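Presented below is the structure to which this report refers.
The values are calculated or read from the model by the stated rules, or taken from the named source; none is laboratory data. What you see is a predicted model, and the numbers here were worked out from it, not measured in a lab. All Cβ positions, glycine included, derive from the backbone under ideal geometry; neighbour counts span all protein chains shown. Heavy atoms of the whole protein, side chains included, go into the accessibility calculation; ligands, DNA and RNA do not. Shrake-Rupley method; radii C 1.70, N 1.55, O 1.52, S 1.80 Å.
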Amino acid sequence: MNTRELQDEIIRLKKEKDVCILAHAYQSQAIWEVADYVGDSYGLSVEASKAKNQTVIMCGVRFMAETCKMLSPDKRVILSNPMAGCPMADQYGRDDILKLREQYPDYTPVCYINTTAETKTVCDVTVTSSSAVKIIKNMPDKNILFIPDCNLGSWVADQIPDKNFQFVKGGCPTHMAMSVKSAEEAKAQHPDAELLVHPECLAGVTALADYVGSTTGILNYAKNSSAKEFIIGTEASIVEHLQYMCPEKRFYPLSVMCVCHNMKMTTLPDVLGCIQGTAGEEIKMSDELISSARKCIDRMIELGK
Ligand code: 13P
Ligand code: SF4
């Protein structure tokens, strides 16, 4: 089957089988075109809690499918490709957080959504890149232990100077591969371009940016800006999506190194296989794990309203 035939079959079958397809913004253009919703991690969480369909296919990485299952425990949630994980999500486990809680007893642990369900059971609130500033501002707690991304954490902390932050050593290997030097070189090569970056980038890179935000934030900024050229400091797929959305503008990747191979795992045949029951992995979680991990996601949605 070619791309168009696969897409037609997916669209036909998802209606017949009452399936909702959620796709993270880093998925390919071919997957965007068959998805019912495309967005950043926060948007996907909100959408997962609203989906009416009996089956939800999450085209993204494992923690996104776990979040979806926690928010819709009665639904069948399928991770589109079982190999798609997020290396950052595995950096701090439950026991590491328990130790950190002992080390910083006066600090409230706030975890990035890019963590496992197990890790979330011992944190107080989850945040995403697009919601972190608002959520932490809305929390009554003054002392925040931010886990695991120290780059996102320090970007958030700069915007909330009246709170105290502690960070751990963690972050996204894909975004951290973009150096300050490559940002300077890209700006020198494209002097009229605006630099748009994800807050998972190194602090030296975000300091050079015209805009810092989530994947959806970057897409919206580029669409609405009057500038004609942009350097994109996030996963390479966003460059491609922007070229489709705004053919009259020019988009350059900050670095060719910014490819998330986990996000790239999912293919159209995987999506078709998930609907047909021959591919993907159904997410199974005990009721106990769901109820204890879900508390900090519910708090995120509550504080993010
Ligand atoms: P967003 O919430 O911006 O989609 O980020 C998720 C992610 O994994 C970025 O690397
Ligand atoms: Fe994880 Fe980084 Fe890939 Fe996002 S880009 S899913 S944080 S490895």
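Using a 1.4 Å probe on the protein heavy atoms, what percent of the accessible area of the chain belongs to carbon and sulfur?
On the way: 6510 of 13150 Å².
C and S atoms contribute 49 percent here.
What list of whole percents do you get for P(r) of the chain, with Cα-Cα distances grouped in 20 Å bins up to the one holding the largest distance?
34, 58, 8
In square angstrom, what is the accessible area per residue of the range 266-305 with a 1.4 angstrom probe? Don't skip to the end; give the middle numbers.
Values: 2070 Å² over 40 residues.
That works out to 52 Å² per residue.
I'd like the accessible area for MET83, computed on protein heavy atoms only with a 1.4 Å probe and all protein chains in place. Round to 10 Å², please.
Number for this one is 140 Å².
Could you go through the range 163-172 in sequence order and give the Karplus-derived ³J(HN,Hα) for each residue, using 6.51 cos²θ - 1.76 cosθ + 1.60 with θ = phi - 60°, rounded to whole Hz, and x for Gly and Pro?
Each residue of the range 163-172 in turn: 10, 9, 10, 10, 10, 10, 8, x, x, 8 Hz.
Which residue, chosen from ILE147, SER72, THR108, occupies the Cα position most advanced towards the positive end of the dipole of the range 62-161, where the dipole is computed from +1 (Lys, Arg) and -1 (Asp, Glu) charges on Cβ about the Cα centre?
SER72
Give me log10 I(q)/I(0) at q = 0.14, 0.16, 0.19 Å⁻¹ for the range 203-266, Debye formula, one equal scatterer per alpha-carbon, no solvent.
So the normalised log intensities work out to -0.39, -0.51, -0.72.
What relative contact order, as a whole-number percentage, does the chain give when Cα pairs under 8 Å and 6 or more residues apart are counted? All intermediate terms of the calculation are to be shown ahead of the outcome.
Numbers: 604 pairs, mean separation 66.9, N = 305.
Relative CO of the chain lands at 22 percent.
Before I look further, what does the range 1-158 give for accessible area per residue, probe 1.4 Å, in whole square angstrom?
About 39 Å² of surface per residue is accessible.
In percent, what relative contact order does the range 159-305 have, based on Cα pairs under 8 Å that are 6 or more apart in sequence?
Details: 166 pairs, mean separation 27.8, N = 147.
Reported as a whole number, the value is 19 percent.
Could you work out the helix-only [θ] at 222 nm for the chain, with each DSSP H run of four or more residues adding -39,500 (n - 2.57) and the total divided by the number of residues, to the nearest 500 deg cm²/dmol?
So the calculated ellipticity at 222 nm is -12000 deg cm²/dmol.
Please work out, to two decimal places, the log10 of the ratio I(q)/I(0) at q = 0.13 Å⁻¹ from a Debye calculation in which every Cα of the range 32-136 carries one identical scatterer.
Here the Debye-derived log intensity ratios amount to -0.50.
As a test of the definition: which semi-axes, in Å, follow for the range 143-197 when you take the square root of five times each eigenvalue of its alpha carbon gyration tensor? Largest first, please.
Working through the eigenvalues yields semi-axes of 28, 14, 7 Å.
Given Cβ point charges of +1 (Lys, Arg) and -1 (Asp, Glu) and nothing else, what value in debye, to the nearest 20, does the dipole of the range 153-192 about its Cα centre take? Display every interim value, and only then the final one.
Working: 4 positive and 5 negative charges, 42 e Å.
Dipole magnitude for the range 153-192 comes out near 200 debye.
What is the distance in Å between the Cα centroid of the range 132-171 and that of the range 1-68?
31
I need the calculated FRET efficiency for the pair LYS284 and ARG12, taking r as the beta carbon distance and R₀ as 22 Å, to the nearest 0.05.
Values: r = 28 Å, r/R0 = 1.28.
About 0.20, to the nearest 0.05.
How do THR55, THR267 stack up against each other in accessible area, from largest to smallest, with a 1.4 angstrom probe?
Working: THR55 15, THR267 55 Å².
Most to least solvent-accessible, the answer reads THR267, THR55.
Of all DSSP beta bridges located in the chain, what percent are antiparallel, nearest 5? Don't jump to the answer; show the numbers that get you there.
Working: 2 of 35 bridges.
Here the antiparallel bridges make up roughly 5 percent for the chain.
Treat every Asp and Glu Cβ in the range 1-126 as -1 and every Lys and Arg Cβ as +1, leave all other atoms uncharged, and give the resulting dipole magnitude about the Cα centre to the nearest 20 debye. Mind dumping the intermediate values first?
On the way: 15 positive and 18 negative charges, 69 e Å.
The calculation lands at about 340 debye.
Which value, in debye to the nearest 20, describes the size of the charge dipole of the chain about its Cα centre when Lys and Arg Cβ atoms bear +1, Asp and Glu Cβ atoms bear -1, and nothing else is charged? Intermediate values should be presented prior to the final figure.
Numbers: 32 positive and 39 negative charges, 81 e Å.
Dipole magnitude for the chain comes out near 380 debye.
Mind listing which GluC sites (Glu not before Pro) in the range 203-282 are in a DSSP loop and have 14 or fewer other Cβ atoms within 10 Å?
On the way: sites: GLU229, GLU235, GLU240, GLU248, GLU281, GLU282; in loops: GLU235, GLU248.
Passing sites in the range 203-282 are GLU248.
Keeping all protein chains in the complex and leaving out DNA, RNA and ligands, what accessible area do you get for VAL259 with a 1.4 Å probe, in Å² to the nearest 10?
For VAL259, the solvent-accessible surface is approximately 40 Å².
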